[in-house]
Amino acid sequence: MQKVYWDNVNGKEVVDVSGVKDEATVIADFGLDVATQVVSVDHSAGEASRVVAGTLEVFDLDAQNAQAATDAETARQAAEDATKTNLSLDQQGFDDLKASF
């Protein structure tokens with residue numbers, strides 16, 4: 001488990017991987033604004049952090065990667081379908097075309 005600090009005022013992000021220092025010490029040592037947002041991230045659970053619209057959030061990295069793979073496959077299939085439509089090909093004709101390259 002590590003803590004991520006996001007200072008929206010100064011645009012600084014600090015990741016405490018050791019967990020030895022308390023929040024006040026990290027904020028003071030790195031000159032962060034006292035209103036710094038802090039979140040805990042558990043990498044063993046597949047979590048990661050990111051800044052969205054000036055706010056630090058924790059998200060499920062594994063789920064995001066799975067969604068990205070699904071989106072890429074959907075886009076690939078849409079491009080394949082568009083090519084078949086534009087060239088008036090059935091699946092066999094498209095497979096033959098792919099094999100020719």
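Output the residues belonging to the range 28-51 that are of a type in the set (A, V, I, L, M) and either in contact with a Phe, Trp or Tyr (Cβ under 7 Å, 6 or more places away or on another chain) or not in a helix (DSSP H, G or I) (or both).
32, 34, 35, 38, 39, 41, 48, 51
What are the residue pairs meeting all of these: first residue in the range 5-33, first residue outside the structural domain of residue 50 (by TED's automatic domain parsing) and closer than 19 Å to residue 57 by Cα, second residue among the small types (Gly, Ala, Ser) and loosely packed, with under 14 Cβ neighbours inside 10 Å, Cβ atoms under 6 Å, and 6 or more apart or on different chains?
As it stands, the answer is none, since no pair meets every condition given.
Tell me yes or no: at least one residue of the range 79-99 is touching an Asp or Glu at 6+ places or on another chain (Cβ under 9 Å), part of a helix (DSSP H, G or I) and of a type in the set (Phe, Trp, Tyr).
The answer is yes; a qualifying residue exists.
Hey, can you tell me all the residues within the range 1-50 that are charged (D, E, K, R), farther than 29 Å from residue 66 by Cα and surrounded by 15 or more Cβ atoms within 10 Å (Cβ to Cβ)?
Answer for the range 1-50, where residues must be charged (D, E, K, R), farther than 29 Å from residue 66 by Cα and surrounded by 15 or more Cβ atoms within 10 Å (Cβ to Cβ): just 7.
The values are calculated or read from the model by the stated rules, or taken from the named source; none is laboratory data. This one's a predicted model, so the numbers in the text were calculated from it and none came from an experiment. All Cβ positions, glycine included, derive from the backbone under ideal geometry; neighbour counts span all protein chains shown.
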